[in-house]
Each structure stands twice: as structure tokens, then as C-alpha cells.
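First the structure, in the form of C-alpha cells, and then the observations on it.
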Amino acid sequence: MSATINFYLDKPDKKGNSPIFLRINCKGKQTKISIGEKIPSVQFDKRTQFAKEAYPNAVILNNYLTYLKERANNILNSSTKKVFTTKEVKEKLQLLVNNYKKDNNVSIVEDQLNLYGQPFSFIDFFAGAGGFSEGLLQAEMGNKYFDFIGANDINSNCELTHIVRYNHQLGLDAFFLCKDISDTDFIPKLMEKLGDKKIDVICGGPPCQSFSLAGRRRKFDKKDDLFSNYLAVIKAIKPKYFVMENVKGILTKEKGQIKELILKEIKSILDTDAIPKLSAFIKKIKKLNPSTNFILDCIVDRIGFERKTGTELHLTKANYINKFRNYFKNLTPKIVDYHLSKTDERILSIRHGLNLLANIHELHQIRKSVIKQKDTNYLDNDVFVETFDAFINELDAFNIIKKIEIAFQKLAIKKANLSEVQQFIQGLKIYTWTLEDCFEVIEKYSAELELTKEFAAIREALQLYKINAPFVANASNYGVPQNRERVLFIGCRKDQPLIEEIPPTVTEDEKVTIFEALYDLDFIKNNQQVHNYETVDIKKMYNGTANKMQQLLNKRAIDGKLEKDGLTYSEWSKKGRLNGRFKNRKPPFYVRNEEALKNGNKSYDELHNHQTNNQKEEVLKRLEIILEEGDYKRAKSKLEKAGVNSKKRNYNVLFPDKISPTIMTIPDDYIHYNTPRALTVREMARLQSFDDSFVFQGKRHTGGTMRKTDVPQYTLVGNAVPPLLARAIGMEILKNIK
């Protein structure tokens with residue numbers, strides 16, 4: 001369509017500012033529209049049709065002008081629709097202008113806490129795109145709802161997506177802490193952000209590739225220890241409830257031992273207010289059985305670690321080891337003569353091992369850096385990995401203590417000093433014990449003194465969180481059109497009711513199908529990016545099977561339950577599932593990066609993240625054959641004959657009347673049910689239950705080694721907790737929380 005697109009200035013107002021208009025001339029017809037901005041005529045370059053550099057808001061205004069011109073050109077020259085009336089063109093452009101105006105208007109929003117009811121605060125860790133946050137913000141029961149305080153992740157594109165969605169679009173003041181949770185200063189920085197705010201709920205899914213059923217474990221993967229760091233945050237904040245989401249494989253990993261370890265660690269989180277009761281009980285045991293004094297004193301010191309965080313914890317641990325350095329200083333003359341104490345390898349090994357333990361915090365930093373380098377440089381299944389793993393292993397407190405013990409064993413210890421040495425080694429080992437290990441010893445001493453019941457009562461008082469067992473939640477049971485099974489550990493503070501399940505919101509027959517989720521987006525072609533919804537005519541598209549396809553569409557409540565006066569899943573996606581608190585929200589927009597956000601280089605489209613790849617003819621033919629066969633394995637012989645076979649491990653063919661398999665991060669793994677192509681970001685987001693107004697920012701995808709560090713749109717979607725699953729979790733918490 002031959003057209004000219006330009007900008008011009010209208011008559012200036014009393015202040016000398018002229019309104020800027022966009023004008024389109026096409027085949028003798030003209031369309032013009034005010035873009036909602038004014039500028040002094042002397043500051044506008046008529047030749048370039050941009051604001052001059054000297055104009056204060058030149059960068060932001062020029063980005064807006066460029067965007068409007070690009071979209072006007074896209075409507076006229078790149079749309080699937082080839083004929084537009086001037087009214088249609090004007091309406092499409094006016095939508096963009098209106099969204100721009102709404103986004104840039106200053107609005108005063110009344111305090112939602114006073115207006116709306118009783119808020120319960122939450123923080124989202126390992127937040128990614130914000131699926132957990134999105135679901136909790138949708139949850140509401142009576143006058144109870146969730147107040148979003150902040151989120152954390154390590155990646156800048158997660159932060160960008162959060163800022164655009166929650167700060168700009170929804171107008172919340174929720175912070176985003178872009179920082180590694182395993183950093184030693186993470187908790188102090190978090191507490192600084194929180195100030196005096198109390199947190200009711202913590203949610204998150206520590207990445208645990210080691211626990212996954214797919215792929216093989218890499219020893220010393222930097223993600224291996226994030227669970228313990230998540231628990232450290234819980235210990236510091238002590239929320240009423242916390243949720244940990246993980247892969248199903250965690251239940252059977254190492255014959256269930258990993259699951260039991262996690263439960264053990266959760267049950268070991270102490271109510272520090274109850275520690276004085278424990279201290280008094282231990283004093284009682286020591287008085288009744290003085291032979292236990294040394295071990296129990298070590299256990300008391302070890303339990304003391306639980307009351308400290310950050311720098312205080314490091315100093316407390318160092319003081320524990322310094323006691324043993326003094327102990328060994330006094331012990332040395334009893335086991336070797338003076339000359340040997342200065343030169344003997346065994347004595348030096350013990351002494352230097354204690355030095356290492358006293359500085360274990362610094363060693364952990366080195367260990368962390370080496371693990372990071374191992375991960376960054378992909379050291380796995382090569383000649384380097386064994387050396388790196390051995391070095392990392394050497395920096396672990398448990399192994400240092402083991403070598404100290406071996407050094408003692410090599411010495412000819414006199415019988416008179418043997419018990420003193422054994423006591424020394426036992427005390428060192430307590431340094432690495434879990435709380436459960438400590439309690440087992442106290443329980444043993446209690447039994448010897450017939451104090452078992454008394455200790456059982458104290459131990460129950462010490463346990464801050466209740467949890468019986470994790471459970472599996474399938475996202476499809478909560479209105480998500482996806483068979484995504486996840487394990488949930490829900491820790492309930494002892495003053496709160498126990499939550500042991502999340503009741504399904506839909507029956508097996510009510511589950512949302514792929515067709516209901518995606519059909520209205522099925523107007524996009526190969527190598528195309530669309531910015532507006534278009535009408536999908538089911539009768540025309542499906543001809544003989546139209547009635548069958550139409551029957552797949554159901555009216556539903558927001559949580560997926562069938563409801564006569566409800567909306568279809570796709571209608572909910574367009575309307576949005578956020579409740580009345582967000583009536584003042586601004587239009588969604590997309591930015592490429594932080595700089596684009598700063599410079600106002602935004603896209604205010606009606607539809608975002610709906611773009612297909614430029615698939616080669618060979619790929620299209622391959623996908624077409626697989627789609628026709630309905631199964632990749634079944635299609636392999638035909639692919640071979642056609643000369644379009646692939647080394648790719650698997651393709652998942654999507655069926656319109658079925659539920660989607662688990663959505664991952666690589667779109668090429670899935671073939672659309674109606675067209676031989678991969679899914680768009682928006683289609684994958686629909687299968688995850690994200691509203692269309694939730695825009696995924698940054699790059700669309702990345703490949704090769706960049707997948708280790710980048711978190712593009714497809715990764716944001718694939719790694720997310722489905723919002724409707726999170727909503728169901730939130731509803732159950734709101735139902736129980738006090």
C-alpha cells in the first residue's frame with residue numbers, strides 16, 4: 001500500500017506550544033491524529049520531523065515519534081489485512097496514543113491498604129518473571145488480600161520485567177533486590193530494604209537442577225546450595241507461612257533422602273524465644289551428669305549459631321574454633337615434645353586445619369568463586385573437572401575436620417590423653433552438625449536420666465514451623481491448560497493452621513484445553529510480529545470440524561470452574577484476572593532494556609510478545625510432517641524419505657482438545673496444533689496462565705552458551721510458576737492465615 005507518513009505542527013497555544021499531529025496520505029485519502037504532545041515550533045526540525053537535540057525531552061519524544069511512525073507503517077504495509085478504512089487506521093493509532101497518554105499522566109492513587117481491607121505482606125524469591133507474585137495479587141478472600149512488598153532474583157531482565165509490570169503499570173512500590181541470595185551480605189541488604197516491615201508470607205522455588213528427573217547431576221553446581229540460603233532468609237524473617245516450589249523428582253531423589261533432609265531442615269528452624277528453656281534444661285542435665293559438660297557446652301554454642309546472621313554469625317563461628325585453637329595449644333605439650341610441635345607434619349596439619357576453620361567464611365567465598373568459574377566455563381566431563389572438584393572439596397569444613405582427625409590418628413596418643421583428644425575431635429565435629437544432630441544427643445542424655453517427656457515438650461516448643469509432608473500439585477487442577485506437576489513444601493509457623501493440600505478448583509472434565517487457551521491468537525503467520533488482536537473465524541478456519549472446536553470453549557469463573565455467566569479462558573486472558581484494587585493500572589508496554597525504559601522508548605501495543613520465527617522451508621516441511629503424523633517418533637521414516645529429518649531429541653505435538661505438556665524454555669520443542677510452527681511467547685504465556693497484559697521484557701530468545709546467563713522472554717515464561725496455581729496457593733493461605 002503506497003502511503004506517506006509524516007508529522008506536522010498545528011497552531012500554537014497561548015504559551016507558544018504547538019500540538020504535534022501524525023498525518024497519513026494514501027491514494028488521495030488523508031488521516032490525521034493528534035499524538036498528545038506539544039512542542040515550541042522553534043524546537044521542532046521540520047526536515048527530520050524530530051525534536052531538536054536542545055529540547056529538554058528530545059530523546060523521549062523522538063522515541064515516541066519513531067514508534068508511532070513504525071506502527072503506522074506496520075499497519076499499512078505489514079498487516080495480514082490488506083484493506084483498511086481511514087476510520088480503522090485512525091482507531092488503531094488512537095489506541096496507541098491513548099495508551100501513551102495514560103502511561104504519562106500523573107495519577108494520585110488512594111492508599112489501597114486503607115481502602116480495601118486486611119493486607120498480608122509477601123516477598124517473592126527466585127522470582128523470575130513474577131508468576132508467584134502475579135498469582136498472589138489475584139488472590140482475595142473476603143476482605144483479605146496480599147500486599148506485595150518485594151521480589152528477588154539475580155538477573156537484570158527479571159528486574160526489568162518486574163519494574164515495568166509492578167512499579168510502572170500497576171503503580172506498586174514493591175522493591176526488586178537484584179542480588180545473589182548466597183552472597184554473604186544478602187540478608188543485611190534485604191533487611192535494609194524491609195526496614196520495620198513485617199512479612200507474613202515468603203514464596204519461592206530455589207533452582208535445583210540436581211534434583212530434576214531430567215538431565216544428570218553436576219557435582220558442585222552453583223545452584224546446589226540455594227535451598228539452604230532460602231532457609232536462612234526464612235530464619236531471619238520468620239514469616240507466618242512460606243512456600244517452596246520444586247520439581248517432582250525431588251521426592252524420589254536419592255531414594256527419598258533429599259526430601260527427608262529438606263523436611264528435617266525445615267523442622268530444625270528454631271523459635272529463638274524458646275532457647276532459654278532449652279538452655280535451662282541442658283544445665284539440668286549437666287548438673288545430673290557432669291561427664292556431659294564439654295559436649296553439651298559445644299552443643300549450646302552450636303545452637304547459638306541460629307540466633308545470629310551476617311557478620312555476627314561469622315564472628316560467632318570463628319569464636320567457636322578459637323576455643324579449640326586454645327584447647328589444642330594446651331593439649332600439644334601432652335602429646336608431643338616441644339621440638340616436634342614446631343616441625344611435625346601431623347601437628348602442623350592440625351594447627352593449620354584449625355586456622356582454616358577459623359577463616360571458613362573467607363574459604364566459602366573462594367569456594368563460591370571457584371564453583372562460579374567452573375559453571376561459567378562449562379567445566380564438566382573434561383580433564384579439568386576432577387581437579388576443580390577436588391579443590392572445592394578441600395575448602396569444606398567437614399573435610400578439613402576429617403583431615404584433622406586423620407592427623408590425630410597418625411600420632412601415638414598415650415592412653416592417659418586419649419579421652420581428651422576424642423573429646424576435642426567430637427567438639428570439632430559438632431561445629432558442622434545440623435540442629436537435628438544436636439537434638440539427637442540431647443535426647444540420648446535425656447533418656448539416660450528419664451527426662452524424655454520433658455525434652456519432647458521443649459523440642460516441640462523450639463520447632464518454629466509445622467510441616468508433615470510435601471505434596472504434588474498439578475497446575476491443570478487449578479485452571480491452567482498445562483500438565484505441570486510441582487512439589488510444594490508449605491511451612492506453617494506454629495501459631496498458624498497447618499496447610500497440607502491445595503484443593504483443586506476444577507474437575508478432570510472441566511480442565512482447560514489448548515484450543516480454549518490459544519484459538520483466538522491463531523491468526524499469525526511464519527516470520528511475523530503482530531501488535532493487535534484479529535478476529536478468528538472458527539467456522540471458516542475449521543470448516544467440517546467447527547462445531548467440535550466450538551464445543552471446546554467453556555464459560556468459566558476466574559479460577560477455571562465452569563460458570564454459566566463467566567468468560568472463556570482466552571477472554572479472561574484478555575480482560576485480566578487482577579481484582580478491583582488495580583482499577584487505576586496503566587496500559588501495558590514493552591521495552592528492550594533498562595536504557596529504553598529510561599529514554600521512554602516504549603511500545604504501547606494492544607497485543608505484546610506475539611511473534612513467530614523465520615522458519616526455513618526445510619523446517620516448515622519437517623514440522624508439517626510431524627504435525628500430520630501427530631508424533632515425532634512415528635514421523636521419522638517420512639522425515640527421512642523427505643530429506644528433512646532432524647537430530648533434535650524431541651518435538652511435542654500439541655492437540656487442541658488436550659492439555660499441554662509441561663512448558664519449558666525452548667519454543668522449538670512444541671508444534672502448534674493447527675500450523676507447522678513453534679509457539680510464540682504470548683502463546684506459551686497463555687499456557688502458563690499469564691494475562692495478556694503481563695508483558696515479558698527484553699530479548700525474545702537466546703541460544704547456545706548464552707542460555708546459561710541470559711533470561712530472555714521464553715526463559716522467563718518457561719521457568720515461571722503458573723499464576724493460577726500461585727493464586728490457588730494464595731487462596732488457601734488467605735483462608736487459614738491469622
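Readers should treat all values here as calculations from the given coordinates under stated rules, not as data from a laboratory. As the structure is a prediction and not an experimental result, all values here were calculated from the model. FYI the Cβ positions are ideal-geometry reconstructions off the backbone, even for glycines, and counts take in every protein chain you see.
In a DSSP loop and with at most 11 other Cβ atoms within 10 Å, the GluC sites (Glu not before Pro) in the stretch 443-488 are E450. The trypsin sites (Lys or Arg not before Pro) of the stretch 1-77 that DSSP puts in a loop, and whose beta carbon has at most 11 other beta carbons within 10 Å, are K14, K15, K27, K46, R47. Once both labels are positioned 7 Å from their Cα atoms along Cα-to-Cβ, the gap between F294 and E386 label points is 4.0 nm. Between T48, V619, F281, the Cα set farthest toward the positive side of the dipole of the chain (charges on each charged residue's Cβ, about the Cα centre) is that of T48. Placing unit charges on the Cβ atoms only, positive for Lys and Arg and negative for Asp and Glu, gives the stretch 509-708 a dipole magnitude near 540 debye about its Cα centre. The length gained by stretching the chain between T311 and T48 to full extension, at 0.36 nm per residue less their Cα-Cα distance, is 88.8 nm.
For a paramagnetic label modelled on K101 (point 7 Å from Cα along Cα→Cβ), amide N atoms under 20 Å away belong, within the stretch 155-197, to 169.
Between S279 and K255, the simple label model (points 7 Å from Cα in the Cβ direction) yields a spacing of 4.2 nm. Report the Cα centroid-to-centroid distance between the stretch 167-197 and the stretch 646-707 in angstrom, as an integer. Answer, in whole Å: 31. In the chain, the calculated helix contribution to ellipticity at 222 nm averages -13500 deg cm²/dmol per residue, counting -39,500 (n - 2.57) for every DSSP H run with n ≥ 4. Per residue, the average separation of C-alpha pairs within less than 8 Å and at least 6 apart gives the stretch 4-104 a relative contact order of 22 percent. Applying both filters, DSSP loop and at most 15 other Cβ atoms within 10 Å, to the chymotrypsin sites (Phe, Trp or Tyr not before Pro) of the stretch 356-406 gives Y378, F384. Subtracting the Cα-Cα distance of K575 and T675 from 0.36 nm times their residue separation leaves 33.4 nm of extension gain. Shape class of the stretch 509-708 from the Cα gyration tensor (axes a ≥ b ≥ c, square roots of the eigenvalues): oblate, since a/c reaches 1.5 or more and a/b does not exceed b/c.
Contact order for the chain, expressed relative to its length and based on alpha carbon pairs under 8 Å spaced 6+ residues apart, stands at 16 percent. Where in the stretch 20-50 does the label zone of T86 land, with the point 7 angstrom along Cα→C-beta and an amide N cut-off under 16 Å? From the stretch 20-50, the list is 22-34.
Here each label is just a point 7 Å from Cα along the line to Cβ, and for E618 and E594 those points are 4.1 nm apart. Relative to the dominant Cα principal axis of the chain, helix 617-629 is inclined by about 80°. Shape analysis of the stretch 273-462 places it in the oblate category; the axes a ≥ b ≥ c from the Cα gyration tensor give an a/c of at least 1.5, with a/b not above b/c.
Seen through its C-alpha gyration tensor, with square-root eigenvalues sorted a ≥ b ≥ c, the stretch 365-453 comes out oblate because a/c lies at 1.5 or above while a/b is not bigger than b/c.
Note on K92: aspartates and glutamates with a C-alpha under 19 Å away, same-chain residues under 8 apart excluded, are E37, E70, D103, D520, E534, D605, E606, D692. Between the Cα long axis of helix 415-430 and the first principal axis of the chain there is an angle of about 20°, rounded to the nearest 10.
Between the Cα long axis of helix 452-462 and the first principal axis of the chain there is an angle of about 30°, rounded to the nearest 10.
Placing +1 on the Cβ of every Lys and Arg and -1 on the Cβ of every Asp and Glu, with no other charges, gives the chain a dipole of roughly 1160 debye about its Cα centre. Among the listed options [x] 0.97; [y] 1.05; [z] 1.12, the one matching Rg/Rh (Cα atoms, Kirkwood Rh) as calculated from these coordinates is [y]. Relative contact order for the stretch 509-708: 27 percent, from Cα pairs under 8 Å spaced at least 6 residues apart, divided by residue count. Report the Cα centroid-to-centroid distance between the stretch 455-504 and the stretch 222-253 in angstrom, as an integer. Answer, in whole Å: 12. Tally Lys/Arg at +1 and Asp/Glu at -1 over every other residue whose Cβ is under 11 Å from the Cβ of E134; what's the total? Value of the local net charge: +1.
Set against the 2.2 N^0.38 Å expectation for a compact globular protein, the stretch 4-104 has a Cα radius of gyration ratio of 1.09. Between the beta carbons of K193 and Q118, assuming R0 = 30 Å, the FRET efficiency works out to 0.80 to the nearest 0.05.
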